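S.K.: Okay, handing you the structure first.
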Amino acid sequence: MKIEVDAERLAQEIDGLAAITEAEPPAVTRVVFTEQDLRARAWLRERCEEAGLAIRADAAGNTFMRWEGSRPELPAVATGSHIDAIPNAGRFDGVVGVLGGLEAIRALQRSGLRPERSIELIQFTAEEPTRFGVGCIGSRLLAGVLGPDADERLRGSDDTTLKMARTNAGFRGNLASVRLARGAYAAFVELHIEQGPILEREAIAIGVVTNIVGPASFFITVEGQGGHAGGVLMPDRHDALCAAAELIVKIESLARGSGSTDTVATVGICEVHPGAINSIPGRVKLGVDVRDTDGKRRDRVLNEMQRTAEQIAQQRQVQITTQMLNADEPAVSSAEVLAAIEQGCAEEELRSRRITARAYHDSSFMAKIAPMAMIFIPCRGGVSHRPDEYAAPEHIVGGVRVLARTLAELSHAH
Ligand code: HGY
Ligand code: MN
Ligand code: MN
């Protein structure tokens, strides 16, 4: 099978999409259902219409671009990723899987092959947690991990509900209609940058993802007693920030002490109230992210953390409450899809290795309704979620070529 990838056009398209941003280029900010997100969606639809794909969107804004196969009645093979971006991010996270997926389809069209199973490119809504506090909203709804109650339950930092934001963006209809049954797709494959240093360090072109960590995220609120920084003597204090600081260090040591480096914990948000230099913090809000390849080991860390919070609350006479946002199981890739990817690497004579995904992805949830696996390509220094995120053109092309072969294999193209 002769695969021709138009590397120059793909590079131009990645740059073209990156220019649709709220941030000062080269940074990319494109938060779900904002004006930039909608401009980017419209831009993508145009590219897909040019490729002759049939386009539909569901009530959550997940958008499906379909290349009809010779047997359209069969479950399709899908690929895809996200185009939303956290503030001040890079241009490759998610985009490589969407525009690379489009180019893989175009390359198969150019090869003269016809897939038996239709091939669908999916652009998922809100992979990033920026606006609604939880990530992968579109793929969670597709997989039934989130239900229609998310419409009112998920509220953005600007106090709009998911329902308000999606309907204002033109995605109406009942959220319950988004859910797909298991088997809706014959397979799902996502191309993505590694967002870690291993492939570059080992000079390997392709990462074949065997599993995706299970993420948990939550807010912790510490309520103490505020007061005058001069007038309240130390024995009389109930300083919320000191209590939070004790808890932060404990969260770190629980992750370090879990018995595996696959356990990671991050306190990425720390809001101090009232936030004045001469006022004792009365309230602190922490945003915490804990991940592991082993769900049970991760949950042991969460339970130990909860016990510690209760002890600190008791000792310091403060109140500590936790609001869970999500606690998802790790995802495991399908042997059939892994084999198709590795066959594609062999045909392309590209060095590959099996690897764990330490960021979560829409694939984490697509795994609940279809056999799934991911294709990783190296990114410079393992850097991601920063404007200097970079994937070399030859690595992007290599990933697209392997994806094209994988889609051809899984869709029985001939
Ligand atoms: O946080 C993550 O793992 C993903 O990049 N949203
Ligand atoms: Mn990301
Ligand atoms: Mn991503």
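The values are calculated or read from the model by the stated rules, or taken from the named source; none is laboratory data. Keep in mind that this is a model prediction, so the values were computed, not measured. Cβ: placed from backbone, ideal geometry, glycine included. Neighbour counts: every protein chain shown.
S.K.: Would you mind listing the strands (runs of 3 or more DSSP E) fully within the stretch 304-414 where at least 3 residues are under 17 Å from Ala104 (Cα atoms) and within 16 Å of ligand 3 (Cβ to nearest atom)?
M.R.: On the way: elements: 319-327, 352-357, 372-377.
Here the list reads 372-377.
S.K.: Quick one: would you say Arg300 is touching a His at 6+ places or on another chain (Cβ under 7 Å), farther than 30 Å from Ala339 by Cα and basic (Lys, Arg)? Walk me through how you get there before you give the answer.
M.R.: On the way: touching a His at 6+ places or on another chain (Cβ under 7 Å): no; farther than 30 Å from Ala339 by Cα: yes; basic (Lys, Arg): yes.
No: the conditions fail for Arg300.
S.K.: Determine whether Asn88 is within 21 Å of Pro371 (Cβ to Cβ) and in the same structural domain as Ala404 (by TED's automatic domain parsing).
M.R.: Details: within 21 Å of Pro371 (Cβ to Cβ): no; in the same structural domain as Ala404 (by TED's automatic domain parsing): yes.
In short, no.
S.K.: While we're on this one: Output the residue which, of all residues in the stretch 37-57 that are more than 16 Å from ligand 2 (Cβ to nearest atom) and either among the hydroxyl-bearing types (Ser, Thr, Tyr) or surrounded by 21 or more Cβ atoms within 10 Å (Cβ to Cβ) (or both), is nearest to Gly173 (Cα to Cα). Steps first, please.
M.R.: Initial filter on the stretch 37-57 (more than 16 Å from ligand 2 (Cβ to nearest atom)): 38-39, 41-57.
Next cut, either among the hydroxyl-bearing types (Ser, Thr, Tyr) or surrounded by 21 or more Cβ atoms within 10 Å (Cβ to Cβ) (or both) only: 41, 44, 48, 53.
Working: Arg41: 19, Leu44: 22, Cys48: 24, Leu53: 23 Å.
This residue is Arg41.
To keep it simple, each residue is scored yes or no on (1) within 27 Å of Met234 (Cβ to Cβ); (2) touching a Phe, Trp or Tyr at 6+ places or on another chain (Cβ under 6 Å); (3) touching a residue at least 60 places away in the same chain (Cβ under 8 Å).
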position: Gly257; (1), (2), (3): no, no, no
position: Glu271; (1), (2), (3): yes, no, no
position: Asp289; (1), (2), (3): no, no, yes
position: Thr293; (1), (2), (3): no, no, yes
position: Leu302; (1), (2), (3): no, no, yes
position: Ile312; (1), (2), (3): yes, no, yes
position: Val318; (1), (2), (3): yes, no, yes
position: Thr321; (1), (2), (3): yes, no, yes
position: Val332; (1), (2), (3): no, no, yes
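S.K.: Restricting attention to the stretch 94-117, does a residue exist that is assigned to a helix (DSSP H, G or I), within 15 Å of ligand 2 (Cβ to nearest atom) and of a type outside the set (A, V, I, L, M)? Let's see the steps before the verdict.
M.R.: Here is the first cut: in the stretch 94-117, the residues assigned to a helix (DSSP H, G or I) are 95-111.
Of the ones still in play, those that are also within 15 Å of ligand 2 (Cβ to nearest atom) are 95-98.
Checking the rest, the ones that are also of a type outside the set (A, V, I, L, M) come to 97.
Yes: one or more hits.
S.K.: Quick check: anything in the stretch 204-213 more than 16 Å from ligand 1 (Cβ to nearest atom), out of contact with any strand residue (DSSP E or B) (no Cβ under 6 Å at 6 or more places or on another chain) and closer than 30 Å to Leu410 by Cβ? Reasoning before the result, please.
M.R.: Taking the stretch 204-213 as the starting set, the residues that turn out to be more than 16 Å from ligand 1 (Cβ to nearest atom) are 204-206, 208, 210.
Narrowing further to those that are out of contact with any strand residue (DSSP E or B) (no Cβ under 6 Å at 6 or more places or on another chain): 205.
Still in the running and closer than 30 Å to Leu410 by Cβ: 205.
For the stretch 204-213, residues more than 16 Å from ligand 1 (Cβ to nearest atom), out of contact with any strand residue (DSSP E or B) (no Cβ under 6 Å at 6 or more places or on another chain) and closer than 30 Å to Leu410 by Cβ: present.
S.K.: Among (1) touching a strand residue (DSSP E or B) at 6+ places or on another chain (Cβ under 7 Å); (2) closer than 15 Å to Gly214 by Cα; (3) more than 15 Å from ligand 1 (Cβ to nearest atom), there is one condition Lys368 misses while meeting the rest; what is its number?
M.R.: (1)
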